[in-house]
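The values are calculated or read from the model by the stated rules, or taken from the named source; none is laboratory data. Computed from a predicted model, the values in this text were never measured in an experiment. Please note: Cβ atoms are built from the backbone with ideal geometry, for glycine as well, and neighbour counts cover all protein chains shown. Protein only, heavy atoms only, side chains kept; ligands, DNA and RNA dropped before computing areas. Shrake-Rupley method; radii C 1.70, N 1.55, O 1.52, S 1.80 Å.
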Amino acid sequence: GEDVEQSLFLSVREGDSSVINCTYTDSSSTYLYWYKQEPGAGLQLLTYIFSNMDMKQDQRLTVLLNKKDKHLSLRIADTQTGDSAIYFCADRLGGKLIFGQGTELSVKP
Amino acid sequence: GAGVSQSPSNKVTEKGKDVELRCDPISGHTALYWYRQRLGQGLEFLIYFQGNSAPDKSGLPSDRFSAERTGESVSTLTIQRTQQEDSAVYLCATMALNTEAFFGQGTRLTVV
């Protein structure tokens, strides 16, 4: 079945850029998503990209998609302490949504 | 309602008892997903409903787990003969056609 992989931890300094990476295995993905989960809270959609795009920018967020390598990344510019959370990438295959295990982003002042 | 509603928000049950978790979707959302999130872990896919099609049950971990949904209405996830390893947050998400999935706040299940 489809496998979505992420590194588990990332630590950055406030004001730096963060890059969170994700790889997936199935080339027939239609949409790829980034969700944010703050402590004790539900999942909130940050952004998504359609599989025929290679980049999407939304304010401080930039999503890059390399379909050949099946690699997705999320760049957060000027990272703030409020960005500390767990970030999940998700792959949509047909209707099924498969999530990675999440990357915990820690932002140090 | 305005969002995906799950009930109960917390459930403590004794090992061996059955539990039923409920998800009220956003009106008009044809797709409904159940996930399990163990402490400090990612989201584990359990089951997916799309309209009146047969559900994708490929993620259910054992035959103690089952879920129902009639049309585009409420869904219930039932866990029979609960075990301690079933302790987790159970998340429901719903989606309209070709949009994002909206998540409920989850049900925290503790099996003692």
Could you order B:Lys57, A:Lys68, B:Lys11 by accessible surface area, starting with the largest, using a probe radius of 1.4 Å? A:Lys68, B:Lys57, B:Lys11
Solvent-accessible surface (1.4 angstrom probe) belonging to B:Glu20, in square angstrom, nearest 10: 120 Å²
Euclidean distance between Cα centres, region B:73-102 to region A:26-60, Å: 20 Å
Would you kindly compute the Cα radius of gyration of the protein assembly as shown and its largest Cα-Cα separation (Dmax), both in Å? 17.6, 51
From largest accessible area down, sort A:Met55, B:Met95; use a 1.4 Å probe on the protein chains. A:Met55, B:Met95
Under a Cβ-only charge scheme (Lys and Arg +1, Asp and Glu -1), can you give me the dipole magnitude of the protein assembly as shown about the Cα centre, in debye to the nearest 20? 160 debye
Based on Cβ point charges of +1 for Lys and Arg and -1 for Asp and Glu, what charge dipole magnitude is obtained for chain B about its Cα centre, in debye rounded to the nearest 20? 280 debye
Taking only protein heavy atoms into account and a 1.4 Å probe, give the accessible area per residue of the protein assembly as shown in Å². 48 Å²
Kindly compute the accessible surface that chains A and B hide from a 1.4 Å probe when together, both sides summed, and give it to the nearest 100 Å². 1400 Å²
Ignoring any ligand, DNA or RNA, what whole percent of the accessible area of region A:11-85 comes from carbon and sulfur when the probe is 1.4 angstrom? 46 percent
Charge dipole of chain B built from unit charges on the beta carbon (Lys, Arg +1; Asp, Glu -1), centred at mean Cα; most positive-end Cα among B:Gly42, B:Ser62, B:Gln84 is B:Gln84
Could you pull out every one of the aspartates and glutamates with an alpha carbon less than 16 Å from that of A:Lys96, ignoring same-chain neighbours closer than 8 positions? A:Glu2, A:Asp3, A:Asp26, B:Glu44, B:Asp56, B:Glu100
Region A:44-109: projected area of the alpha-carbon convex hull, averaged over directions, in nm²: 5.1 nm²
Which links in A:Lys56/A:Lys108; A:Lys70/B:Lys11; A:Lys36/A:Lys68; A:Lys108/B:Lys57; A:Lys36/B:Lys17 stretch past 30 Å when you go from one Cα to the other? A:Lys70/B:Lys11; A:Lys108/B:Lys57; A:Lys36/B:Lys17
Return a whole-number percent for the relative contact order of chain A, with Cα pairs under 8 Å and 6 or more residues apart as the contact set. 38 percent
For region B:4-112, just list the percent of Cα-Cα distances falling in each 10 Å bin from zero outward, please. 16, 51, 28, 5, 0
Got a sec? Which residues of region B:31-62 lose 30 Å² or more of accessible surface with every protein chain in place, vs. that chain alone, 1.4 Å probe? B:Tyr33, B:Tyr35, B:Gln37, B:Gly42, B:Leu43, B:Phe45, B:Tyr48
